[in-house]
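The structure appears below as C-alpha coordinates.
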Amino acid sequence: MLRLRLLTWDVKDTLLRLRQPVGQSYAAEARAQGLQVQPEALGRSFREVYGAQSRRFPNYGHGQGLSSRQWWLDVIKQSFRLSGVQDEAALTKVAEKLYRDYCSSENWEMLPGAAETLRRCRQLGFRMGIVSNFDDRLEVILSQCELRQHFQFVLTSEAAGVAKPDGRIFQQALRLGGARPEQAAHVGDDYSRDYRAARAVGMHAFLLRTAGHAEGPEVPPEHVLPTLSHLLARIEKE
(Lines give C-alpha, C1' and ligand atoms only; values in the text may rest on other atoms or scores of the structure.)
Protein backbone atom coordinates (compact mmCIF):
# COMPACT_ATOMS: atom_id res chain seq x y z
CA MET A 1 0.00 0.00 0.00
CA LEU A 2 1.22 3.50 -0.81
CA ARG A 3 2.17 5.53 2.25
CA LEU A 4 0.48 8.75 1.19
CA ARG A 5 -0.16 11.89 3.20
CA LEU A 6 -1.52 14.10 0.44
CA LEU A 7 -3.93 13.64 -2.45
CA THR A 8 -4.24 16.43 -5.02
CA TRP A 9 -7.07 16.61 -7.50
CA ASP A 10 -7.83 18.11 -10.87
CA VAL A 11 -11.40 19.47 -11.12
CA LYS A 12 -12.87 19.75 -14.63
CA ASP A 13 -13.77 16.30 -15.98
CA THR A 14 -12.26 14.71 -12.87
CA LEU A 15 -14.56 15.83 -10.05
CA LEU A 16 -16.97 18.11 -11.94
CA ARG A 17 -18.18 18.32 -15.52
CA LEU A 18 -20.40 20.72 -17.41
CA ARG A 19 -24.08 19.74 -17.44
CA GLN A 20 -24.39 20.64 -21.12
CA PRO A 21 -22.07 21.67 -23.96
CA VAL A 22 -20.90 25.28 -23.99
CA GLY A 23 -22.72 25.98 -27.26
CA GLN A 24 -26.05 24.99 -25.74
CA SER A 25 -25.72 27.08 -22.59
CA TYR A 26 -24.42 30.09 -24.54
CA ALA A 27 -27.29 29.83 -27.04
CA ALA A 28 -29.87 29.57 -24.24
CA GLU A 29 -28.61 32.76 -22.61
CA ALA A 30 -28.55 34.49 -26.00
CA ARG A 31 -32.22 33.59 -26.52
CA ALA A 32 -33.04 35.14 -23.16
CA GLN A 33 -31.53 38.38 -24.51
CA GLY A 34 -33.45 38.17 -27.77
CA LEU A 35 -30.59 36.81 -29.87
CA GLN A 36 -30.95 33.75 -32.08
CA VAL A 37 -27.74 31.71 -32.53
CA GLN A 38 -27.38 28.03 -33.36
CA PRO A 39 -25.78 26.03 -30.52
CA GLU A 40 -23.61 24.05 -32.94
CA ALA A 41 -22.21 27.22 -34.49
CA LEU A 42 -21.52 28.70 -31.07
CA GLY A 43 -19.79 25.51 -29.98
CA ARG A 44 -17.47 25.58 -33.00
CA SER A 45 -16.78 29.29 -32.54
CA PHE A 46 -16.04 28.84 -28.85
CA ARG A 47 -13.50 26.08 -29.48
CA GLU A 48 -11.72 28.20 -32.09
CA VAL A 49 -11.71 31.37 -29.98
CA TYR A 50 -10.74 29.58 -26.76
CA GLY A 51 -7.79 27.94 -28.48
CA ALA A 52 -6.57 31.19 -30.01
CA GLN A 53 -6.97 33.11 -26.74
CA SER A 54 -5.13 30.41 -24.80
CA ARG A 55 -2.20 30.56 -27.20
CA ARG A 56 -2.06 34.35 -27.26
CA PHE A 57 -2.68 34.89 -23.54
CA PRO A 58 -1.76 31.67 -21.68
CA ASN A 59 -3.08 31.08 -18.19
CA TYR A 60 -5.82 33.72 -18.47
CA GLY A 61 -3.35 36.42 -19.46
CA HIS A 62 -1.39 36.17 -16.22
CA GLY A 63 1.54 38.59 -16.45
CA GLN A 64 0.20 40.11 -19.69
CA GLY A 65 -2.05 42.76 -18.23
CA LEU A 66 -5.33 40.84 -18.41
CA SER A 67 -7.57 39.75 -15.56
CA SER A 68 -9.15 36.32 -15.90
CA ARG A 69 -12.54 38.04 -15.95
CA GLN A 70 -11.57 40.17 -18.95
CA TRP A 71 -10.00 37.11 -20.58
CA TRP A 72 -13.28 35.23 -20.36
CA LEU A 73 -15.47 38.17 -21.39
CA ASP A 74 -13.33 38.54 -24.51
CA VAL A 75 -13.68 34.81 -25.30
CA ILE A 76 -17.46 34.88 -24.87
CA LYS A 77 -17.98 38.01 -26.96
CA GLN A 78 -15.67 36.87 -29.73
CA SER A 79 -17.41 33.48 -29.84
CA PHE A 80 -20.70 35.23 -30.52
CA ARG A 81 -19.17 37.62 -33.06
CA LEU A 82 -17.70 34.69 -34.95
CA SER A 83 -21.19 33.15 -34.96
CA GLY A 84 -22.63 36.26 -36.60
CA VAL A 85 -23.85 38.36 -33.65
CA GLN A 86 -22.98 42.04 -33.98
CA ASP A 87 -25.17 43.68 -31.31
CA GLU A 88 -22.42 44.86 -28.94
CA ALA A 89 -24.79 46.07 -26.21
CA ALA A 90 -26.53 42.69 -26.09
CA LEU A 91 -23.18 40.90 -26.23
CA THR A 92 -21.96 42.75 -23.16
CA LYS A 93 -25.05 41.68 -21.18
CA VAL A 94 -24.78 38.08 -22.36
CA ALA A 95 -21.07 37.86 -21.58
CA GLU A 96 -21.44 39.28 -18.06
CA LYS A 97 -24.35 36.94 -17.30
CA LEU A 98 -22.55 33.85 -18.61
CA TYR A 99 -19.39 34.70 -16.68
CA ARG A 100 -21.43 34.83 -13.47
CA ASP A 101 -23.55 31.78 -14.30
CA TYR A 102 -20.55 29.51 -14.71
CA CYS A 103 -19.96 29.90 -10.96
CA SER A 104 -23.25 28.14 -10.32
CA SER A 105 -24.02 24.49 -9.69
CA GLU A 106 -26.71 24.88 -12.37
CA ASN A 107 -23.89 24.56 -14.92
CA TRP A 108 -21.81 21.89 -13.15
CA GLU A 109 -22.44 18.36 -11.92
CA MET A 110 -20.33 15.87 -10.00
CA LEU A 111 -18.85 12.88 -11.76
CA PRO A 112 -20.09 9.49 -10.52
CA GLY A 113 -18.35 8.44 -7.33
CA ALA A 114 -16.81 11.84 -6.61
CA ALA A 115 -18.62 12.73 -3.39
CA GLU A 116 -18.31 9.27 -1.85
CA THR A 117 -14.63 8.88 -2.80
CA LEU A 118 -13.74 12.25 -1.32
CA ARG A 119 -15.65 11.47 1.86
CA ARG A 120 -13.86 8.14 2.28
CA CYS A 121 -10.47 9.73 1.62
CA ARG A 122 -11.12 12.26 4.37
CA GLN A 123 -12.20 9.50 6.76
CA LEU A 124 -8.90 7.73 6.08
CA GLY A 125 -7.00 10.86 7.09
CA PHE A 126 -5.59 12.02 3.77
CA ARG A 127 -4.84 15.71 3.40
CA MET A 128 -6.37 16.88 0.15
CA GLY A 129 -5.96 19.81 -2.19
CA ILE A 130 -6.96 21.02 -5.63
CA VAL A 131 -4.44 21.62 -8.43
CA SER A 132 -6.36 22.96 -11.41
CA ASN A 133 -5.81 25.05 -14.53
CA PHE A 134 -8.69 27.32 -13.57
CA ASP A 135 -9.39 30.95 -12.73
CA ASP A 136 -10.29 32.48 -9.39
CA ARG A 137 -13.97 31.46 -9.61
CA LEU A 138 -13.08 27.90 -8.63
CA GLU A 139 -13.51 28.40 -4.88
CA VAL A 140 -17.09 29.56 -5.46
CA ILE A 141 -17.83 26.72 -7.88
CA LEU A 142 -16.58 24.11 -5.41
CA SER A 143 -18.65 25.67 -2.63
CA GLN A 144 -21.75 25.82 -4.84
CA CYS A 145 -21.29 22.14 -5.69
CA GLU A 146 -20.75 21.24 -2.00
CA LEU A 147 -17.18 20.00 -2.49
CA ARG A 148 -15.06 22.76 -0.93
CA GLN A 149 -15.16 21.24 2.57
CA HIS A 150 -13.09 18.26 1.46
CA PHE A 151 -9.95 20.27 0.68
CA GLN A 152 -7.27 21.92 2.79
CA PHE A 153 -6.33 24.17 -0.13
CA VAL A 154 -7.44 25.14 -3.64
CA LEU A 155 -4.55 26.01 -5.95
CA THR A 156 -5.55 27.41 -9.33
CA SER A 157 -3.17 28.18 -12.16
CA GLU A 158 -4.22 31.83 -11.90
CA ALA A 159 -3.19 31.99 -8.24
CA ALA A 160 -0.04 29.93 -8.78
CA GLY A 161 1.09 32.02 -11.73
CA VAL A 162 1.90 28.84 -13.69
CA ALA A 163 -0.30 26.18 -15.27
CA LYS A 164 -0.03 22.43 -15.53
CA PRO A 165 2.03 20.71 -16.89
CA ASP A 166 4.56 23.15 -15.37
CA GLY A 167 5.96 21.29 -12.38
CA ARG A 168 6.09 24.44 -10.27
CA ILE A 169 2.36 24.32 -9.61
CA PHE A 170 2.74 20.82 -8.13
CA GLN A 171 5.71 21.98 -6.06
CA GLN A 172 3.54 24.76 -4.63
CA ALA A 173 0.87 22.18 -3.83
CA LEU A 174 3.38 19.98 -2.03
CA ARG A 175 4.42 22.93 0.13
CA LEU A 176 0.80 23.78 0.89
CA GLY A 177 0.09 20.14 1.73
CA GLY A 178 3.20 19.67 3.83
CA ALA A 179 4.29 16.55 1.95
CA ARG A 180 7.30 15.27 0.04
CA PRO A 181 6.67 14.14 -3.55
CA GLU A 182 6.81 10.45 -2.68
CA GLN A 183 4.13 11.03 -0.02
CA ALA A 184 1.66 12.53 -2.49
CA ALA A 185 -0.48 11.40 -5.41
CA HIS A 186 -2.36 13.42 -8.00
CA VAL A 187 -5.66 12.41 -9.60
CA GLY A 188 -6.66 13.83 -12.99
CA ASP A 189 -8.05 13.03 -16.40
CA ASP A 190 -5.36 14.48 -18.69
CA TYR A 191 -2.27 12.41 -19.46
CA SER A 192 0.15 15.31 -20.07
CA ARG A 193 -1.14 17.92 -17.62
CA ASP A 194 -2.06 15.58 -14.78
CA TYR A 195 -0.49 12.12 -14.93
CA ARG A 196 2.86 12.77 -16.60
CA ALA A 197 3.36 16.21 -15.03
CA ALA A 198 2.80 14.96 -11.48
CA ARG A 199 5.10 11.99 -11.97
CA ALA A 200 7.77 14.29 -13.39
CA VAL A 201 8.11 15.99 -9.98
CA GLY A 202 8.25 12.63 -8.17
CA MET A 203 4.61 12.30 -7.14
CA HIS A 204 2.45 9.25 -7.66
CA ALA A 205 -0.42 9.73 -10.10
CA PHE A 206 -3.68 8.15 -11.20
CA LEU A 207 -5.34 8.80 -14.54
CA LEU A 208 -9.13 8.86 -14.75
CA ARG A 209 -10.22 7.27 -18.03
CA THR A 210 -13.98 6.96 -17.95
CA ALA A 211 -16.03 5.39 -20.73
CA GLY A 212 -15.86 7.63 -23.79
CA HIS A 213 -12.37 8.95 -23.06
CA ALA A 214 -10.17 8.76 -26.11
CA GLU A 215 -7.32 6.34 -25.62
CA GLY A 216 -4.02 8.06 -25.00
CA PRO A 217 -0.46 7.01 -24.27
CA GLU A 218 0.03 3.72 -22.51
CA VAL A 219 -0.29 3.92 -18.73
CA PRO A 220 0.21 0.99 -16.32
CA PRO A 221 -3.22 -0.53 -15.65
CA GLU A 222 -2.78 -0.09 -11.90
CA HIS A 223 -2.56 3.69 -12.45
CA VAL A 224 -5.78 3.90 -14.50
CA LEU A 225 -9.16 4.65 -12.90
CA PRO A 226 -12.26 3.56 -14.84
CA THR A 227 -14.20 5.54 -12.22
CA LEU A 228 -13.23 7.54 -9.15
CA SER A 229 -14.62 4.73 -7.00
CA HIS A 230 -11.59 2.64 -8.02
CA LEU A 231 -9.08 5.04 -6.40
CA LEU A 232 -8.76 3.58 -2.90
CA ALA A 233 -8.41 0.04 -4.19
CA ARG A 234 -5.61 1.23 -6.49
CA ILE A 235 -3.82 2.95 -3.58
CA GLU A 236 -4.08 -0.20 -1.47
CA LYS A 237 -2.61 -2.37 -4.25
CA GLU A 238 0.39 -0.15 -4.95
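Go through the residues of the range 29-45 one by one and say whether even a single one is at pLDDT 95 or above, hydroxyl-bearing (Ser, Thr, Tyr) and over 21 Å from residue 234 (Cα atoms).
So far as the range 29-45 goes, yes, one or more of its residues are at pLDDT 95 or above, hydroxyl-bearing (Ser, Thr, Tyr) and over 21 Å from residue 234 (Cα atoms).
Regarding residue 222, is this residue acidic (Asp, Glu) and touching a residue at least 40 places away in the same chain (Cβ under 8 Å)?
no
Give the residues of the range 90-109 that are within 20 Å of residue 14 (Cβ to Cβ) and either open to solvent by less than 50 Å² (accessible area, probe 1.4 Å) or in a helix (DSSP H, G or I) (or both), sorted by residue number.
102, 103, 104, 105, 107, 108
Can you go through 58, 112 and tell me which one is under 16 Å from residue 12 (Cβ atoms), under 23 Å from the mean Cα position of the chain (by Cα) and touching a residue at least 60 places away in the same chain (Cβ under 8 Å)?
112
Looking only at the range 118-163, how many residues end up being open to solvent by less than 50 Å² (accessible area, probe 1.4 Å), in a helix (DSSP H, G or I) and touching a residue at least 24 places away in the same chain (Cβ under 8 Å)?
8
Residue check: is residue 208 over 25 Å from residue 61 (Cβ atoms), open to solvent by 10 Å² or more (accessible area, probe 1.4 Å) and in contact (Cβ under 8 Å) with a residue 24 or more places away in the chain?
no
I'd like to know if the range 173-188 contains one or more residues that are more than 30 Å from residue 63 (Cα to Cα) and either open to solvent by 70 Å² or more (accessible area, probe 1.4 Å) or at pLDDT 95 or above (or both).
yes
Tell me whether the range 76-89 contains one or more residues that are part of a helix (DSSP H, G or I), open to solvent by less than 10 Å² (accessible area, probe 1.4 Å) and aliphatic (A, V, I, L, M).
Yes; the residues of the range 76-89 include at least one that is part of a helix (DSSP H, G or I), open to solvent by less than 10 Å² (accessible area, probe 1.4 Å) and aliphatic (A, V, I, L, M).
The values are calculated or read from the model by the stated rules, or taken from the named source; none is laboratory data. Values in this document were obtained by computation on a predicted structure and should not be read as measured data. Glycine also receives a Cβ, built like all others from the backbone with ideal geometry; neighbour counts cover every protein chain displayed. Each accessible area value is taken on the protein alone, full model and side chains, heavy atoms only, with ligands, DNA and RNA left out. Shrake-Rupley method; radii C 1.70, N 1.55, O 1.52, S 1.80 Å.
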